[in-house]
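Engineer: I am attaching a structure below and will ask some questions about it afterwards.
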Amino acid sequence: MQHDIEIAYLGIEVPDPTSLSTFFGDVIGLVPGEPAAGALTWRNDAAVQRLVVEAGPADDATYLGFEATDAASFAALATRLRAAGYELHQGTDEERAARRVSDLVHTMAPWGVRVELVHGLARDPGGFTSPLVPGGFFTEGVGFGHTVFATLAFDESHAFLTDGLGMRQSDWLEMEIAEGIELEVRFYHCNERHHTVALARAPFEMPQRLHHVMVEVTDRDDVGRAFDRAWGAGLGIANGLGRHDNDGMFSFYVVSPAGFQVEVGHGARLITDDWDDNRRYDRISAWGHQPLTPP
Ligand SMILES: [Fe+2]
């Protein structure tokens with residue numbers, strides 16, 4: 001599938017970046033990248049950094065980078081964002097160096113996270129291996145993973161993703177999760193990954209914008225091994241093993257020490273050029289995904 005963008009990296013800000021090192025390294029199985037000024041970085045493929053954990057008070061995601069597949073796509077996307085009315089700022093030399101990219105423009109997404117459009121994210125010629133995830137992560141042509149944000153600015157955020165970034169809605173979820181409480185989530189793709197961003201309509205201002213970030217492993221057993229590590233570490237399992245109804249992903253959700261969740265998954269179905277399954281779902285999961293309490 002021809003595509004223009006995929007997630008390059010996610011920026012997280014917590015008071016102490018080392019507070020997430022055991023979690024990302026020993027539980028999720030990411031591999032440390034080179035530390036940057038005041039930040040720790042993590043990798044899940046040959047890209048030199050996919051997750052950047054910076055020191056600061058936000059306790060949340062603070063920026064999300066989208067990598068254009070080539071210079072022409074970068075220029076076209078920047079033009080498209082400006083034409084849709086979003087003010088783009090040129091990245092500084094320091095910002096390009098910190099993000100390890102050759103080109104960078106940025107704007108503020110309506111859900112309150114800075115979105116960066118980049119080109120030329122550096123790759124390690126030595127490739128990538130994770131001792132804990134021997135099968136590696138599925139990123140080729142689909143980027144780092146997916147991110148899900150909760151926002152009061154739901155309609156504005158939908159317009160930003162579709163009119164601004166040129167994403168398409170894959171499908172959506174609408175269900176009553178408790179008496180009188182509706183859940184609405186919309187899922188968006190920009191490449192073969194079923195969704196690269198999803199938006200949840202927040203009922204009120206949420207403590208964190210980032211609900212979860214998902215990494216997809218290529219071997220189903222690596223989901224199980226990650227589950228065992230999360231369980232063994234005594235972390236909160238927001239959702240045990242299960243399979244989503246819409247993207248078909250087999251996964252679980254572990255609560256990070258910073259509050260947001262990480263989903264480790266495998267085997268989601270892929271978007272095709274002739275995708276015509278943009279429809280409503282009324283359940284999150286076909287089976288499983290129950291909240292679990294460690295013994
Ligand atoms: Fe997810």
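Engineer: Would you pick out the residues in the stretch 40-55 that are buried (at least 20 other Cβ atoms within 10 Å of the Cβ) and within 24 Å of GLU94 (Cβ to Cβ)?
Structural biologist: LEU40, THR41, TRP42, ARG43, ALA47, GLN49, ARG50, LEU51, VAL52, VAL53
Engineer: Oh, and also: Considering each of ARG280, ARG209, ARG229, ARG201 in turn, give the residue that is touching a helix residue (DSSP H, G or I) at 6+ places or on another chain (Cβ under 7 Å), outside the structural domain of PHE66 (by TED's automatic domain parsing), under 25 Å from LEU165 (Cα atoms) and more than 14 Å from the ligand (Cβ to nearest atom).
Structural biologist: Residue meeting the stated conditions: ARG201.
Engineer: Considering only residues that are modelled with pLDDT under 95 and either aliphatic (A, V, I, L, M) or in contact with a helix residue (DSSP H, G or I) (Cβ under 6 Å, 6 or more places away or on another chain) (or both), which ones fall in the stretch 1-14?
Structural biologist: MET1
Engineer: A follow-up question, please. Could you go through the stretch 169-190 and let me know if any residue there is outside any strand (DSSP E or B) and either within 12 Å of the ligand (Cβ to nearest atom) or touching a Leu at 6+ places or on another chain (Cβ under 8 Å) (or both).
Structural biologist: Taking the stretch 169-190 and keeping what is outside any strand (DSSP E or B), we get 179-180, 190.
Still in the running and either within 12 Å of the ligand (Cβ to nearest atom) or touching a Leu at 6+ places or on another chain (Cβ under 8 Å) (or both): 190.
So far as the stretch 169-190 goes, yes, one or more of its residues are outside any strand (DSSP E or B) and either within 12 Å of the ligand (Cβ to nearest atom) or touching a Leu at 6+ places or on another chain (Cβ under 8 Å) (or both).
Engineer: Also, quick follow-up: Anything in the stretch 133-157 that is among the hydroxyl-bearing types (Ser, Thr, Tyr) and farther than 11 Å from GLU216 by Cα? List them, or say none.
Structural biologist: THR147, THR151, SER157
Engineer: Within the group GLY242, GLY236, which residue is closer than 20 Å to ALA61 by Cα and either touching a residue at least 40 places away in the same chain (Cβ under 8 Å) or within 16 Å of the ligand (Cβ to nearest atom) (or both)? Give the steps one after another, and end with the answer.
Structural biologist: Values: GLY242 fails: closer than 20 Å to ALA61 by Cα.
Only one candidate passes the filter, namely GLY236.
Engineer: Would you mind listing the strands (runs of 3 or more DSSP E) fully within the stretch 214-295 where at least 2 residues are at pLDDT 95 or above and under 22 Å from ILE7 (Cβ atoms)? Spell out how you get there, then give the answer.
Structural biologist: Values: elements: 237-244, 250-255, 261-266, 285-288.
It comes to 237-244, 250-255, 261-266.
The values are calculated or read from the model by the stated rules, or taken from the named source; none is laboratory data. Source: prediction; values computed, not measured. Backbone-built Cβ (ideal geometry, glycine too); neighbour counts: all protein chains shown.
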